[in-house]
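Peer 1: Below is one structure. I have some questions about it.
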Amino acid sequence: MAIVSSREIFKKALKEHYAVGAFNVNNMEIIQAITEAAKEEKAPLILQFSAGARKYAKQVYLMHLVKAAVEDTGLDIVLHLDHGEDFEICKSCIDGGFTSVMIDASKKPFEENVRLTKQVVDYAHPKGVVVEAELGRLQGVEDNISVTEKDAILVNPDEVKEFIDKTKCDSLAIAIGTSHGAYKFKTEPKLAFDRLSQVIEKVPNFPLVLHGASSVMPEYVKKCNEHGGKLPGAKGVPEDMISKAAKMNIAKVNIDTDLRLAMTSTIREEFDKDPGNFDPRKYLGPARDAIKQVVKHKLHVLGCAGKA
Ligand code: G3H
Ligand code: 13P
Ligand code: ZN
């Protein structure tokens, strides 16, 4: 039991055609829910902090909570920085004990993305830390956009090998039509599986990452809306598409929104049931249980239950 690297975990995931869940964490209840779910399902696990999570909870608290979860559950856990946008935040996480960082320079021109990713890799690798990078832009791809617009958003398969060769990054997030948050598609959900196949042809044994992979589970959207929430038209990636991607060299799948929805809808429901409830344990406890059920379910969708 330790905070571990994802290197071997990804090798096994690629070989056995499943994906590892990477769940965003912001507080104690979320960490407990996810780690208990992974323990019960015997699944490999990545916990990830965004810059926003570090700001909200402070890195030192989150680090100690993750260490406590390792001690409590006996799990091996990968500790990852999600969407590091510059060298400094990546360095701070590497120096602070993370085993994996993402440098997200996907909005920058290709050469600048290469330069920044390589700078992070050169700092991370001698310290045993692995690096995720990104190509393409995370944005929903609607039916009515042109081929040129599509090319500008989605990963360009012709750039992938050159990018990996030049940067020596350890995994690569690729844009294939997902986006962050609860509103991913205006019309029918669609992922560019053709692009994914083309990328796999160029780099057949390389771990790929899918961001924006929440399915925006309708039962939790409904529960939220039934208890005073307002999430009209929220729509995510259907879970059969996530399972399909997990069998196609997507070795890491990022999920945050589904946990937020489980938590918030449950807290709303508890307040509705008992407006006199002012004991945080009596609404955060049920919220933690709801997150745990969602994570257990997702681990089966990804195919990683039983793979630890
Ligand atoms: O990439 C987005 C994740 O859901 C993290 O979101 O930046 O609000 O913490 P956040
Ligand atoms: P969702 O918003 O779909 O959960 O995506 C989370 C994510 O990609 C975090 O990096
Ligand atoms: Zn993301």
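Peer 1: Would you be able to tell me the number of residues in the stretch 38-63 that are surrounded by 20 or more Cβ atoms within 10 Å (Cβ to Cβ) and either away from ligand 2 (no atom under 16 Å from the Cβ) or assigned to a strand (DSSP E or B) (or both)?
Peer 2: Result for the stretch 38-63: 9.
Peer 1: For the stretch 10-62, name all the residues that are away from ligand 1 (no atom under 12 Å from the Cβ) and closer than 16 Å to LEU210 by Cα.
Peer 2: Hits for the stretch 10-62 are PHE10, ALA13, LEU14, HIS17, TYR18, ALA19, VAL20, GLY21, LEU45, ILE46, LEU47.
Peer 1: Continuing with this model, one more query. State all residues of the stretch 19-61 that are of a type outside the set (Val, Ile, Thr) and under 18 Å from GLU132 (Cα atoms); if no residue qualifies, say none. Spell out how you get there, then give the answer.
Peer 2: Within the stretch 19-61, the subset of a type outside the set (Val, Ile, Thr) is 19, 21-24, 26-29, 32-33, 36-45, 47-59, 61.
Answer for the stretch 19-61, where residues must be of a type outside the set (Val, Ile, Thr) and under 18 Å from GLU132 (Cα atoms): ALA19, GLY21, ALA22, PHE23, ASN24, PRO44, LEU45, LEU47, GLN48, PHE49, SER50, ALA51.
Peer 1: Something else now. Residue by residue through the stretch 163-189, note down the ones that are farther than 21 Å from ARG7 by Cα and surrounded by fewer than 16 Cβ atoms within 10 Å (Cβ to Cβ).
Peer 2: GLY181, LYS186, THR187, GLU188 - these are the residues of the stretch 163-189 that are farther than 21 Å from ARG7 by Cα and surrounded by fewer than 16 Cβ atoms within 10 Å (Cβ to Cβ).
Peer 1: Shifting gears a bit: Any chance you could count how many residues in the stretch 183-234 are away from ligand 1 (no atom under 16 Å from the Cβ) and more than 20 Å from ALA173 (Cβ to Cβ)?
Peer 2: Looking only at that region, the number is 17.
Peer 1: Here is a list of conditions, (1) within 16 Å of ligand 3 (Cβ to nearest atom); (2) among the hydrophobic types (A, V, I, L, M, F, W, C); (3) over 21 Å from LYS12 (Cα atoms), and ALA68 meets all of them except one; can you say which number that is?
Peer 2: In the conditions (1) within 16 Å of ligand 3 (Cβ to nearest atom); (2) among the hydrophobic types (A, V, I, L, M, F, W, C); (3) over 21 Å from LYS12 (Cα atoms), ALA68 misses (1) alone.
Peer 1: Another one. Could you list all residues from the stretch 55-81 that are among the small types (Gly, Ala, Ser) and more than 21 Å from GLY306 (Cβ to Cβ)? Working first, answer last.
Peer 2: First, the residues of the stretch 55-81 that are among the small types (Gly, Ala, Ser): 57, 68-69, 74.
Within the stretch 55-81, ALA57, ALA68 meet the criteria.
Peer 1: Follow-up question, since we're still on this one. Tell me the residue from ALA2, ALA13 that is over 23 Å from SER92 (Cβ atoms) and not basic (Lys, Arg), please.
Peer 2: ALA13
Peer 1: Next question. Which residues, counting only those in the stretch 236-287, are within 13 Å of ligand 2 (Cβ to nearest atom) and within 20 Å of GLN32 (Cα to Cα)?
Peer 2: VAL253, ASN254, ILE255, ASP256, THR257, ASP258, LEU259, ARG260, LEU261, ALA262, MET263
Peer 1: Which residues, taken from the stretch 249-302, are away from ligand 1 (no atom under 16 Å from the Cβ), under 24 Å from GLY212 (Cα atoms), crowded, with 20+ Cβ neighbours inside 10 Å and not β-branched (Val, Ile, Thr)?
Peer 2: Of everything in the stretch 249-302, those that are away from ligand 1 (no atom under 16 Å from the Cβ), under 24 Å from GLY212 (Cα atoms), crowded, with 20+ Cβ neighbours inside 10 Å and not β-branched (Val, Ile, Thr) turn out to be ASN249, ALA251, SER265, ALA287, ARG288, ALA290, LYS292, LEU299, LEU302.
Peer 1: Within the stretch 191-212, restricting attention to residues that are assigned to a loop (DSSP other than H, G, I, E, B) and away from ligand 2 (no atom under 15 Å from the Cβ), which residue is surrounded by the most Cβ atoms within 10 Å (Cβ to Cβ)?
Peer 2: Only one residue tops the list, namely PRO207.
Peer 1: Hey, could you check the stretch 213-244 for residues that are of a type in the set (Ser, Thr, Tyr) and part of a loop (DSSP other than H, G, I, E, B) and say which is surrounded by the most Cβ atoms within 10 Å (Cβ to Cβ)?
Peer 2: Per the stated criteria, the residue is SER214.
Peer 1: Among the helices (runs of 4 or more DSSP H) confined wholly to the stretch 95-178, which include 2 or more residues that are within 21 Å of HIS211 (Cβ to Cβ) and touching a residue at least 40 places away in the same chain (Cβ under 8 Å)?
Peer 2: Qualifying helices (runs of 4 or more DSSP H): 110-124, 157-167.
Peer 1: Go through ILE103, ILE77 for me and flag whichever is over 30 Å from GLU162 (Cα atoms), of a type in the set (A, V, I, L, M) and surrounded by 23 or more Cβ atoms within 10 Å (Cβ to Cβ).
Peer 2: Going through ILE103, ILE77 in turn, the sole match is ILE77.
Laboratory data are not the source of any read-out in this text; all were calculated from the coordinates shown. This one's a predicted model, so the numbers in the text were calculated from it and none came from an experiment. Note that each Cβ is placed from the backbone with ideal geometry, even for glycine, and that neighbours are counted across all protein chains shown.
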